[in-house]
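K.L.:
Below you'll find the structure I mean.
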Amino acid sequence: MNESFDILIIGGGINGAGIVRDASGRNLKVCLVEKNKVGSATSSWSTKLIHGGLRYLENYEFRLVRESLKEREVIKRIACDITTPIPFIIPYQKSLRPKWMIKLGLFLYDNLGGKMTIPKSSTINIKKEIPNILKDQYKTGFQYYDLQIDDKKLVELNIYDAEKNGATIIENRKVIRAKRNKNIWDIILDDNTVLQTKILINAAGPWINDILTKVIKLNSKKSIRLVKGSHIITKSLYKQKRAFTLQNDDNRIIFVIPYKEKYSLIGTTETEVFSPENPKIDDSEIDYLINSVNKYFIKQISRDNVLSSYSGIRPLIEDFKEASKVTRDYVFDLNEDDSQAPLLNIYGGKLTTYRKLAENVLLTLNKYIVVDDKNSWTANHKL
């Protein structure tokens, strides 16, 4: 194979999948290269939620929350077969966040995204509405809604659409070298295939700076922080189709979510790591999640109740805050030089905003290639 493309993307996670779908639907010749199977790393080890990011409001990230809420509505429409609206209960605990703060946060959450088809928040009597789940001291709860999703399927559906639109998807192949010329990149794969592309996009997630320094041979202008999010799975802790958002003394929150009919999914932790390879849950993370559940639930759990676990690495943009406060927003690093072909590095991002990220990528690249004027076609076409 010695093909030439308008755009070549390194990385088959949700961001790469969203970009290849959007670009292929605009009649661009586009290729995606993934070293494993698409959606096999971070994008399939999430908490499996499309959410506005209620807790981001505490960090004053109103723009990110607004965009996320709008995208939650879009994804509910275009991926209705793999999404389910689910109510979340925040048990009120006086010592952590005052009622007015939670109510204000939920008011903003209900309204920042504009008109929504997802139900608005409400205050509930825990004893009446969800008896025999939480300990006696938890009497008041605040209920809001988000979407549960099959994250890996979301990646695969974007890839499937891209292939239908003529995109080239190459799995189980590594890019080992990228040679930059005046108007074109030569991309060499580990089977000695040479591909050419006008624009190179580095969407390698946790491996972004590895690709930049070792393959593209450029120094990174931005630092990332690798944060491991771990989850445990137990048999269902209760029968109701509701999830819980549990507040912890360290101001972090843990979700307990009904999962695949018979199970409860509990997560996530936020532990800084220094390599994206083979993430596994630590004993301290298991204890943290168990203790969080046992603080609230009548039914106590131990390590014996943990049926399985998984961990994923999130590449966050380094801003030198504690892990839970580091932004989940995305940043584009466009490396452009009149004498050389352009490179776009994509830092950060989250499952919820992948489609908008892809749309903004195409707008950013509009000066280099002729992009069909379909600014948001992906918002109106079902996956």
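The values are calculated or read from the model by the stated rules, or taken from the named source; none is laboratory data. A quick note: this is a predicted structure, and the numbers were derived from the prediction, not measured. Note that we place each Cβ from the backbone using ideal geometry, even for glycine, and neighbour counts take in every protein chain shown.
K.L.:
Which residue out of Ile211, Ile184, Ile188, Ile224 is surrounded by 15 or more Cβ atoms within 10 Å (Cβ to Cβ), farther than 30 Å from Glu129 by Cβ, free of Cβ contacts under 8 Å to residues at least 24 places away in the same chain and of a type in the set (Val, Ile, Thr)?
P.N.:
Exactly one residue qualifies, and that residue is Ile188.
K.L.:
Okay, next question. Listed residues Asp110, Asp161, Asp186, Asp146; which is assigned to a strand (DSSP E or B) and either under 30 Å from Ile257 (Cβ atoms) or at pLDDT below 95 (or both)?
P.N.:
Answer to the check: Asp146.
K.L.:
Given (1) out of contact with any strand residue (DSSP E or B) (no Cβ under 7 Å at 6 or more places or on another chain); (2) crowded, with 23+ Cβ neighbours inside 10 Å, identify the lone condition not met by Ile9.
P.N.:
Only one criterion in (1) out of contact with any strand residue (DSSP E or B) (no Cβ under 7 Å at 6 or more places or on another chain); (2) crowded, with 23+ Cβ neighbours inside 10 Å is unmet by Ile9, namely (1).
K.L.:
Looking at region 124-142 only, could you name the residues that are free of Cβ contacts under 8 Å to residues at least 60 places away in the same chain, part of a strand (DSSP E or B) and surrounded by 14 or more Cβ atoms within 10 Å (Cβ to Cβ)?
P.N.:
Within region 124-142, Ile124, Thr140, Gly141, Phe142 meet the criteria.
K.L.:
Check Ile102 against each of (1) crowded, with 18+ Cβ neighbours inside 10 Å; (2) part of a helix (DSSP H, G or I); (3) at pLDDT 95 or above and name the one condition it does not meet.
P.N.:
(3)
K.L.:
Right, here's the next one. Condition first: basic (Lys, Arg) and under 19 Å from Ile253 (Cβ atoms). Can you find one or more residues in region 63-76 that meet it?
P.N.:
Checked region 63-76: at least one residue is basic (Lys, Arg) and under 19 Å from Ile253 (Cβ atoms).
K.L.:
Checking Lys260 against (1) of a type in the set (Lys, Arg); (2) surrounded by 14 or more Cβ atoms within 10 Å (Cβ to Cβ); (3) outside the structural domain of Lys350 (by TED's automatic domain parsing); (4) more than 30 Å from Pro98 (Cβ to Cβ), which single condition isn't satisfied?
P.N.:
Status for Lys260: all satisfied but (2).
K.L.:
In region 48-77, which residues are β-branched (Val, Ile, Thr) and surrounded by 19 or more Cβ atoms within 10 Å (Cβ to Cβ)?
P.N.:
Ile50, Val65, Ile75
K.L.:
So is Ser24 buried (at least 20 other Cβ atoms within 10 Å of the Cβ) and closer than 21 Å to Val331 by Cβ or not?
P.N.:
It is false that Ser24 is buried (at least 20 other Cβ atoms within 10 Å of the Cβ) and closer than 21 Å to Val331 by Cβ.
K.L.:
For region 217-235, enumerate the residues that are of a type in the set (A, V, I, L, M, F, W, C) and modelled with pLDDT of 95 or more.
P.N.:
Ile232, Ile233
K.L.:
Regarding Asp81, is this residue in contact with a Ser or Thr (Cβ under 6 Å, 6 or more places away or on another chain) and assigned to a helix (DSSP H, G or I)?
P.N.:
The answer is no for Asp81.
K.L.:
Now, a different point. Taking Gly39, is it outside any loop (DSSP other than H, G, I, E, B) and crowded, with 23+ Cβ neighbours inside 10 Å?
P.N.:
It is false that Gly39 is outside any loop (DSSP other than H, G, I, E, B) and crowded, with 23+ Cβ neighbours inside 10 Å.
K.L.:
OK, next. List the pairs whose first member sits in region 158-170 and is under 11 Å from Cys31 (Cβ atoms) and outside the structural domain of Ile188 (by TED's automatic domain parsing), whose second member is among the charged types (D, E, K, R) and buried (at least 20 other Cβ atoms within 10 Å of the Cβ), and whose Cβ atoms are under 6 Å apart, counting only residues at least 6 apart or on separate chains?
P.N.:
none
K.L.:
In addition: Can you tell me which residue is surrounded by the fewest Cβ atoms within 10 Å (Cβ to Cβ) among those in region 112-123 that are touching a Leu at 6+ places or on another chain (Cβ under 9 Å) and farther than 22 Å from Pro91 by Cα?
P.N.:
Gly114
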